[in-house]
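Have a look at the structure below, then the notes.
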Amino acid sequence: MKSRLFLAALAAALTTLVAPQAAAQSSSNEWQFAIAPYLWAAGMDGTMTIGEFEQDFDVPFSTIIDNLDFALMGHFDMRNDRWVLASDLIFVDVENSEDVTDGTVTAGMDMTLFEVTGGYRISPAVALLAGARWVDMGASLRFAGEIVDENADASKSWVDPLVGIHVFAPLSDRWWIGLRGDVGGFGVGSELTWQAYADIGYRVSHVVSILAGYHALDIDYEKSDSRQPIAVDLLVSGPQFGVVFTF
């Protein structure tokens, strides 16, 4: 069963998985805190299967945003000159319908993601990271036609452990670049998941900074131990923009 809307729904759930890093690096043992709203203008490419229904897809961000009903996301981190602790919470709910040959396809998706990572700075520019990402996904697909009326729905929750590295390089008192990569899953949740991004930031004031960059996330998840299993093999990638409030 083919449906671009079904895949757009999943893509929308993942468009804002990872928040920007905090704009400023702490220069003492005092803790520094940051809150960062952000947007990941990503498209999605891959395959999704619900039971016997399988869909290949290549969905641009413009299609995703047209099908997004509601999204809530936020990032928080705290750090000093050695330690970093960060968290992200995202909730997305999408549903839409499309007329196709001999019927109508209605696709729905709700997803909650919560990620916690901790890090230790081995130098002022390099931090080693470890943490976990919890994913709770519900998806539905219905084809209503003159002759056939078929439904597929499933829900899954899993936790992906992850390890990674973050590199921070100041260019001046106001400008910097950052690079981050991590890999996880290891068969505990996903078979394999990885993400990578690069950003450039500008410090507007001691409190406000802005970020722009490019971010990619890949998930390969497959479990067959339920009545209606979900299999996901997808790459989500695109530019990312954020505002960081530091205190």
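Residue 189 - would you say it is under 17 Å from the mean Cα position of the chain (by Cα) and more than 18 Å from residue 40 (Cα to Cα)? Step through it out loud before you land on a result.
Numbers: under 17 Å from the mean Cα position of the chain (by Cα): yes; more than 18 Å from residue 40 (Cα to Cα): yes.
Yes.
Look at residue 186 and say whether it is modelled with pLDDT of 85 or more and open to solvent by 50 Å² or more (accessible area, probe 1.4 Å).
Values: modelled with pLDDT of 85 or more: yes; open to solvent by 50 Å² or more (accessible area, probe 1.4 Å): yes.
It is true that residue 186 is modelled with pLDDT of 85 or more and open to solvent by 50 Å² or more (accessible area, probe 1.4 Å).
Out of 177, 230, report the one residue that is touching a residue at least 12 places away in the same chain (Cβ under 8 Å) and open to solvent by 60 Å² or more (accessible area, probe 1.4 Å). Explain how you work it out, then say what you get.
Values: 230 fails: open to solvent by 60 Å² or more (accessible area, probe 1.4 Å).
Matching residue, one of 177, 230: 177.
Looking at segment 166-187 only, could you name the residues that are closer than 25 Å to residue 113 by Cα and touching a strand residue (DSSP E or B) at 6+ places or on another chain (Cβ under 6 Å)? Give the derivation first.
Our first condition is that a residue be closer than 25 Å to residue 113 by Cα; within segment 166-187, this holds for 166-167, 178-187.
Matches in segment 166-187: 166, 167, 178, 179, 180, 181, 182, 183, 184, 185.
Name, by its number, the condition in (1) open to solvent by 40 Å² or more (accessible area, probe 1.4 Å); (2) part of a strand (DSSP E or B); (3) touching a residue at least 24 places away in the same chain (Cβ under 8 Å) that does not hold for residue 236.
Evaluating residue 236 over (1) open to solvent by 40 Å² or more (accessible area, probe 1.4 Å); (2) part of a strand (DSSP E or B); (3) touching a residue at least 24 places away in the same chain (Cβ under 8 Å) leaves (1) as the failure.
Of the numbered conditions (1) under 24 Å from residue 45 (Cα atoms); (2) at pLDDT below 90; (3) open to solvent by 60 Å² or more (accessible area, probe 1.4 Å), residue 147 fails exactly one; give the number of that condition.
(1)
Taking the options 68, 72, name whichever one is at pLDDT below 85, open to solvent by 10 Å² or more (accessible area, probe 1.4 Å) and in contact with a helix residue (DSSP H, G or I) (Cβ under 8 Å, 6 or more places away or on another chain).
Numbers: 72 fails: in contact with a helix residue (DSSP H, G or I) (Cβ under 8 Å, 6 or more places away or on another chain).
Answer to the check: 68.
Exactly one condition in (1) over 30 Å from residue 51 (Cβ atoms); (2) open to solvent by 20 Å² or more (accessible area, probe 1.4 Å) is not met by residue 215; state its number.
(2)
The values are calculated or read from the model by the stated rules, or taken from the named source; none is laboratory data. Keep in mind it's a predicted model, so treat the numbers as computed, not measured. Positions of Cβ are backbone-derived with ideal geometry, glycine not excepted, and every protein chain shown enters the neighbour counts. Heavy atoms of the whole protein, side chains included, go into the accessibility calculation; ligands, DNA and RNA do not. Shrake-Rupley method; radii C 1.70, N 1.55, O 1.52, S 1.80 Å.
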